[in-house]
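Report on the following structure.
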Amino acid sequence: MPLRDSLPNVLIDNVVDLLRMRANAAMDSDQKDLLSWADKMLDMACRHIETFVEPEVSVEAAARWQANGGKGDLRAQRYRKPSGWKRGAGLHFDHAVPPAQLLEDLLALGDHPTASSVRVILETAEVAWITTEQKKSIPEGRRDNWRAFYAKIPLADKL
């Protein structure tokens, strides 16, 4: 599940700045609001990294997409709440590497993150369109070996 393009440097720089701001705020009890805000912004960055990731599509999800009247390659569809989207019925947009895992890994960099270390973590982001039935077979939480879970889900060839 490759990145569509390299992550923009400005994105990496902003995440580094947020991590440093968070580290400074954590050392000062008067900065609780800033710490909370930085945590929310970092969480948001990790949740929406899929903007830069080319999703994979399971064979079953591709078939469901077509059956629902979807046109073209499902990979072109970025996250939408499938239950509120007729052609997305029965589909699930899965973060193969959960955003909380990305955030945990970023926070583990400590007080002095570098752009290269942040890039390495964010470039592990992976997403896939699967069916809601397939989602039930994938455990929640940290997925250090997410490929093992996805090995059981056949992926569609690119159109």
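The values are calculated or read from the model by the stated rules, or taken from the named source; none is laboratory data. Predicted, not measured: the structure shown is a model, and the values here were computed from it. With ideal geometry, Cβ positions are generated from the backbone for all residues, glycine too; neighbour counts draw on all protein chains shown.
Before moving on, here are some points about what is shown:
- In region 25-61, residue modelled with the highest pLDDT [restricted to those that are in contact with a His (Cβ under 9 Å, 6 or more places away or on another chain) and of a type in the set (D, E, K, R)]: ARG47
- Some residue of region 75-89 being closer than 30 Å to ALA26 by Cβ and in contact (Cβ under 8 Å) with a residue 12 or more places away in the chain: no
- Extreme residue, modelled with the highest pLDDT, among residues of region 62-93 that are part of a helix (DSSP H, G or I) and either over 25 Å from PHE149 (Cβ atoms) or among the aromatic types (Phe, Trp, Tyr) (or both): TRP65
- Every condition in (1) part of a helix (DSSP H, G or I); (2) touching a residue at least 40 places away in the same chain (Cβ under 8 Å) is met by LEU35 except one, and the failing one is (2).
- Enumeration of residues in region 128-159 that are aliphatic (A, V, I, L, M) and either under 19 Å from ILE12 (Cβ atoms) or assigned to a helix (DSSP H, G or I) (or both): ALA148
- Residues of region 64-77 classified as over 28 Å from LEU7 (Cα atoms) and surrounded by 15 or more Cβ atoms within 10 Å (Cβ to Cβ), total: 4
- Looking across region 51-61, just one residue is touching a residue at least 40 places away in the same chain (Cβ under 8 Å), part of a helix (DSSP H, G or I) and out of contact with any helix residue (DSSP H, G or I) (no Cβ under 9 Å at 6 or more places or on another chain), and that is VAL59.
- Selection within region 94-115: residues that are outside any loop (DSSP other than H, G, I, E, B) and among the acidic types (Asp, Glu). The member of this set that is farthest from LEU11 (Cα to Cα) is ASP94.
- Taking residues in region 11-27 that are farther than 19 Å from ARG47 by Cβ and surrounded by fewer than 21 Cβ atoms within 10 Å (Cβ to Cβ), and partners anywhere that are at pLDDT below 95 and charged (D, E, K, R), the pairs with Cβ atoms closer than 6 Å and at least 6 places apart or on different chains are ALA23/ASP111.
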